[in-house]
Amino acid sequence: MTTVNMTVNGKAVSGNIPDNTLLSEFLRENLRLTGTHIGCDTSQCGACVVHINGMPVKSCSTLAVSLDGAEVLTIEGLTKGGKDAELHPMQVAFNDNHGLQCGFCTPGMIMTGIDMVKRYKAEGKDLTSDAIRAELEGNICRCTGYHNIVKSIEDAATKM
Amino acid sequence: MSTGIGARVKRKEDKRFTTGKGKYTDDIRNDNQAYAAFVRSTHAHANIKGIDASAALAMDGVIEVLDGHQLTGDGIGNIICGWAVTSKDGSPMNMGAWSALATSKARYVGDAIAVVIAETQAQARIAAEAVVVDYEELPAIAHVMKAMAEDAPNIHENAPGNLIYDWELGDEALADAGLASATHITTLDLTNNRLSPNPMEPRVAIATYDDAEEHYTLHTTSQNPHVARLLLSAFYQVAPENKLRVIAPDVGGGFGAKIYVYPEEITCLWASMRTNRSIKWTSDRSEAFLTDAHGRDHVTTAKMGFDDNHKIVGFKVDTVANLGAYMSLFSSSVPTYLYATLLSGQYNIQNLHCNVRTYYTNTVPVDAYRGAGRPEATYVMERMMETAARELDMDPAELRRINFIQTFPHQTPMLMAYDAGDFPKILEMAQDAADIAGFAARKTEAAGRGKLRGIGYSTFIEACGLAPSQAAGSLGAGVGLWESAEVRVNPVGSIEILTGSHSHGQGHETTFAQIVADRFDIPIESVSIVHGDTDKVQFGMGTYGSRSAPVGMSAVVKAMDKVEAKVKKIAAHTLEAAEEDIVIEGGQVKVAGTDKAMGWHEVGLAAYIAHNLPEGMEPGLKETAFFDPVNFSFPSGAFICEVEVDPDTGVTEIIKFTAADDFGTIINPMIVEGQVHGGVTQGIGQALLEQVVYDDDGQLLTGSYMDYTMPRAADIPFFDVSHHETPSPNNPLGVKGCGEAGAIGSPPAVINAITDAIGNNNLAMPATPQAVWRAIQATKSVAAE
Ligand code: FES
Ligand code: FES
């Protein structure tokens, strides 16, 4: 067991956890932040993507104890919450463009989408639909055929 | 903006999913939670000589280890197949016994043998590894063509030769005579590759026994919670229906795999009672590959004869289907009544015969996966048409046109009475959208870059809206396939719709609300949809077979008819007018042509306050209905796929995919298009990427996303989707169902396009780069000879 301290969605949290606890388990089971999903056991599907210190990471492949002092952002942290809280432009775009069906892949898609838009903007590169498809290499959706996910990210990119 | 029928209303359910607030089964954790892990057979076929759980029982956190002898000893019944298919000699199908935990014999890798219950999931999983099973290994069969061999090992005692049934449909003598009269015969051997459905949310079950009430609650990832309760009660004897509540909360995709009650749900319920703990089991992806019912897996030989006018004069199909180690719930119906019945396609064929033999193998059970039988039929039909056109040196669209059914209703020789359609029209729409006229120039341009361009068609029909109960019953179905609905108008005029349909991505919370907002002309925000809980919804058959719109919504419409009648009576009484003069519009209930009106909410209030109701009227405003369709609905479509193949690498790129569909009336085009995108993508996955592989010993080689290729964003193009609406006369909304069309129609379009590009028709699915490259080399060596 190891004690770990980190900031999750702006809040300081800590836990005394077995060393082999994955970040995805720590989020889901210890913090009960169940928006981060587990879709596979080979780090292939991306349903579990969160941001760690601003970088997108598959939380199913990261040990929680290795993140002492880290800043973690999950899908729940994108909006303040509450009745009239504003949603992140990526969240709005997924609704506007029907970028989700069952919603299981969606948290990972949104977290991945936000990162790619930010990165391309920072590098001054054009986020084309082909680039979006290539960037989604690590995210699987079984419902949407990606068409509207790509449209959603394209749309959000114009608003972020 | 309109929120009624035909409007592109954005989904009401999205906010919880985009903010991480969805409530999926695995997000639930009960007080008193314990965890289950299953001990699974590592052999494809083995006698179980003994189970030693002593080491596991001594491990940290382990509460109990339970096996199949205890399970059957407690009277838990075998898992059944719910559709009886009779062999052509009149004998019943050979259903082998399937216990939720195997007792004497394991029949596939992953077959559950025992369950470990522990305080944490990790403890349960580690202890499951420590349970020692003494196996006596037996020879195994993984491939269906080996199951029928003389010396094949026998998997179920009551199925000699591993045969489950040998069934036929149509008139063989007529089909033979038709073929004998033909001036051209096309023959093809086709394999429909085995697939794993792979909803992104793995299956989960949480069973909670309440000893004080002797009551069970099951939270589970189900497409049809009431069907699950019925099976668990009436057949598996877990608990009587009034003592069992099944809740399917947010479910992360189904595609067929979540229709069935699996061993895990049964075992968790029973183990919860045995341990007096709430028991949670969460599948990981590896377990999903091992245990979720697979789809397809047919081997077929087909022969089609044409006369001088290129009309089809005879069609004979011989299919062998692999049903896996046990007969899953609908497994028997998939290669028969959901397959052979659609072998007339969009064509006028009078002389038709299909024979189907199904066999056991030492693989996971095979059952319905998106499309279920209809993709297999379409693949046969549309590969035949394209091949015949090439052999006859004809335009493949023209050969189809010559044979299209032109008038409706149309009775095929394969039981089906097609309701409505306009096949030439949708083909023309697809051809225009795909710019067929410009294809030759595009092909030349691609050739200049060293690439091979090809184009392929698929014009298909499917039977959806499962199903008229009486017809289904006469064909062997164990249940009726109606749907139920309840419309509750609250005293303030807001409405709750309780439906037996289940949404696991289809957007029912939006589309079902649309038909209500449309009907009563009220804001869509005042309509809520309740589904997925047997304590709330009276009953329901659930969601599969593209049935939620044609059957589920129709039940809502029927209940709304009753509400409307009562509303009009109340308003007529209050406003002192004739019932016939009352109209509902703009949030008001009015006397037509006057300014006399009540607000919609005032009628609701009047019904509940009940101070002034018509003589003899019961208070309240709530109606229920059951809708049983008179016929299936028959969506049809024309798909065109254009590909470019790199002859050096065999890599196929889909340049353009065009889908023109006839789904009848469309409630929400945005959602319908999304269903087509997803369905076509699964079809492209089948055609290019996906394949379940077992080795000869029955070990699963494609047990993870490292080995089983899922379609990813870069594999898939944008889609060109359009619609033509010929309303179905068989339900009040004229809807036909749209969930499966994409998966049904697309695989042959893709393969027809690739075989066109490479000039070799001998190409099986999945058309991986290696397979395509080999097919190109084969053409080269033929050319060189
Ligand atoms: S759960 Fe992390 S990649 Fe699949
Ligand atoms: S929306 Fe269902 S997996 Fe993507």
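The values are calculated or read from the model by the stated rules, or taken from the named source; none is laboratory data. Note that the coordinates shown come from a computational prediction; the quantities given were computed from them, not determined experimentally. Cβ atoms come from the backbone with ideal geometry, glycine included; neighbour counts cover every protein chain shown. Side chains are part of the model used for accessible areas, which takes the heavy atoms of the whole protein and leaves out ligands, DNA and RNA. Shrake-Rupley method; radii C 1.70, N 1.55, O 1.52, S 1.80 Å.
I want the local charge near B:D134. Using Cβ-Cβ distances under 14 Å, sum +1 for each Lys or Arg and -1 for each Asp or Glu among the other residues.
Working: positive: B:K49, B:K105; negative: B:D52, B:D67, B:E136, B:E137.
Summing Lys and Arg as +1 and Asp and Glu as -1 gives -2.
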(request) Largest first and to the nearest Å, give the Cα extent of the stretch A:112-154 along each principal axis. (result) 32, 16, 14
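Per 0.36 nm of contour for each residue apart, how much would the distance between B:D535 and B:V479 grow if the chain were fully extended, relative to their Cα-Cα spacing?
On the way: separation 56, 0.36 × 56 = 20.16 nm, distance 2.05 nm.
Using 0.36 nm per residue and subtracting the Cα-Cα distance, I get 18.1 nm.
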(message) What value in Å³ per residue do you get for the convex hull of the alpha-carbon atoms in chain B?
(response) 181 Å³
(request) For the stretch B:481-487, take each phi angle, set θ = phi - 60°, evaluate the Karplus expression 6.51 cos²θ - 1.76 cosθ + 1.60, and give the result in whole Hz per residue in order, putting x for glycine and proline. (result) 10, 7, 9, 10, 8, 9, 10
(request) Note down the relative contact order for the stretch A:82-159 as a percent, whole number, built from C-alpha pairs under 8 angstrom at least six residues apart. (result) 50 percent
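Order A:31-44, B:528-541 from most to least packed using the mean count of other Cβ atoms within 10 Å.
Values: A:31-44: 21.2, B:528-541: 19.3.
Top of the packing list down: A:31-44, B:528-541.
Hand me the tally of lysine pairs in the stretch A:44-160: alpha carbons under 16 angstrom apart, and the pair either on different chains or 8 or more positions apart. The partial results should precede the final answer.
On the way: A:K118/A:K159; A:K121/A:K159; A:K125/A:K159; A:K151/A:K159.
Step by step, the pairs that qualify in the stretch A:44-160 add up to 4.
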(request) Using only alpha carbons, build the gyration tensor for the protein assembly as shown and give me the equivalent ellipsoid semi-axes, biggest first, whole Å. (result) 39, 37, 32
(request) Could you let me know the centre-to-centre spacing of the stretch B:372-434 and the stretch B:141-203, using Cα atoms, in angstrom? (result) 23 Å
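I'd like to check one number: the per residue accessible area of chain B, probe 1.4 Å, reported in Å² as a whole number. Walk me through the numbers on the way to the answer.
Working: 26100 Å² over 785 residues.
Ligands and nucleic acids excluded, the result is 33 Å² per residue.
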(message) Shape verdict for the stretch B:482-627, please, from the Cα gyration tensor: rounded (a/c under 1.5), prolate (a/b greater than b/c) or oblate.
(response) prolate
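At a Förster distance of 30 Å, what's the computed FRET efficiency of B:E137 paired with B:N32, Cβ-Cβ distance as r, to 0.05?
On the way: r = 40 Å, r/R0 = 1.34.
About 0.15, to the nearest 0.05.
May I ask you to give the percent of accessible area on chain B that is carbon plus sulfur, with a probe radius of 1.4 Å? Intermediate values should be presented prior to the final figure.
Working: 13130 of 26100 Å².
That fraction is 50 percent.
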(request) Could you sort the residues of the stretch B:197-219 by number and keep only those whose accessible area is reduced by 40 Å² or more in the all-protein-chain setting relative to the chain alone, 1.4 Å probe? (result) B:M200
(request) Taking every Cα atom in chain A, find the radius of gyration and the maximum pairwise distance Dmax, and write them in Å. (result) 15.5, 46
(message) Out of the total accessible area of the stretch A:2-77 (probe 1.4 Å, heavy atoms of protein only), what percent is carbon and sulfur?
(response) 51 percent
(request) Convert each backbone phi in the stretch B:438-445 into a coupling constant with the Karplus relation 6.51 cos²θ - 1.76 cosθ + 1.60 (shift: θ = phi - 60°), then list the ³J(HN,Hα) values in order as whole Hz, x for Gly and Pro. (result) x, 5, 4, 5, 5, 5, 4, 4
(request) Tally the DSSP beta bridges in chain B and give the antiparallel ones as a percent, rounded to 5. (result) 80 percent
(request) List, in order, the whole-Hz ³J(HN,Hα) value for each residue of the stretch A:11-23 obtained from phi through the Karplus relation with A = 6.51, B = -1.76, C = 1.60 and θ = phi - 60°; use x for Gly and Pro. (result) 10, 6, 9, 8, x, 9, 10, x, 4, 8, 6, 7, 4
(request) Could I have the simple spin-label model distance between A:E123 and B:E157, label points 7 Å from Cα toward Cβ, reported in nm to one decimal? (result) 6.6 nm
(request) Just tell me which lysines come within less than 16 Å, Cα to Cα, of B:K443; anything on the same chain fewer than 8 places away is out. (result) B:K451, B:K656
(request) Quantify how strongly other chains surround peptide B:470-482 by giving the mean number of their Cβ atoms within 10 Å of each of its Cβ atoms. (result) 0
(request) Could you list which residues have their amide H under 5 Å from that of A:L22, counting only those 5 or more apart in sequence or on another chain, with H placed in the peptide plane? (result) A:A64
(message) If N is the number of residues in the stretch B:265-319, what value comes out of its Cα radius of gyration divided by 2.2 N^0.38 Å?
(response) 2.42
(request) Compute the accessible area of each residue in the stretch A:131-149 twice, once for its chain alone and once with every protein chain present, using a 1.4 Å probe on heavy atoms, and list those whose area falls by at least 40 Å². (result) A:R133, A:I140, A:R142, A:C143, A:G145, A:Y146, A:H147
(request) Provide a list, ordered by number, of residues in the stretch B:660-682 showing at least 50 Å² less accessible area with every protein chain present than when their chain is taken on its own, using a 1.4 Å probe. (result) B:H677
(message) Rounded to whole Å, give me the distance from the Cα center of the stretch B:571-600 to that of the stretch A:19-95.
(response) 54 Å
(message) Students often forget the sequence filter, so: which lysines lie under 21 Å Cα-Cα from B:K311 once same-chain residues fewer than 8 apart are removed?
(response) B:K303, B:K425
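Using a probe radius of 1.4 Å on protein heavy atoms only, what is the accessible area buried between chains A and B, both sides summed, to the nearest 100 Å²? Could the numbers behind the result be given before it?
On the way: alone 8430 and 28170 Å², together 32380 Å².
Protein heavy atoms only, the A-B interface buries about 4200 Å².
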(message) Starting from the 7 Å offset along Cα-to-Cβ, what nm value, one decimal, do you get for the label separation of B:E241 and B:K425?
(response) 4.2 nm
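Hey, got the average number of other protein chain Cβ atoms within 10 angstrom for residues in A:40-47? Present the calculation step by step, with values, prior to reporting the outcome.
Working: counts 11, 9, 8, 2, 7, 5, 2, 3.
Average neighbour count from other chains, rounded to a whole number: 6.
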(request) For the stretch A:2-77, state the average projected area of the convex hull of the C-alpha atoms over all orientations, rounded to one decimal in nm². (result) 4.3 nm²
(message) Which lysines, if any, have their Cα less than 30 Å from the Cα of B:K49, not counting same-chain residues under 8 positions apart?
(response) B:K105, B:K146, B:K280
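Please report, in debye to the nearest 20, how large the charge dipole of the stretch B:630-715 is about its Cα centre when each Lys and Arg carries +1 at its beta carbon and each Asp and Glu carries -1 there. Each step should come with its number before you reach the end.
Working: 2 positive and 14 negative charges, 96 e Å.
For this selection, approximately 460 debye.
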(request) Search the structure for amide H atoms under 5 Å from the amide H of B:A114, placed 1.01 Å from N in the peptide plane, and list their residues when 5 or more places away or on another chain. (result) B:V39
(message) Sequence gap of 8 or more, or different chains, plus Cα separation below 16 Å: how many lysine pairs satisfy both in the stretch B:482-627?
(response) 13
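If you take the beta carbon distance between B:N47 and B:D595 as r and set R0 to 56 Å, what does 1/(1 + (r/R0)^6) give as a FRET efficiency, to the nearest 0.05? Present the calculation step by step, with values, prior to reporting the outcome.
Details: r = 83 Å, r/R0 = 1.49.
My answer for the efficiency is 0.10.
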(request) Would you mind computing, in nm to one decimal, how far apart the modelled labels at B:T624 and B:L174 are, each placed 7 Å from Cα along Cα→Cβ? (result) 4.3 nm
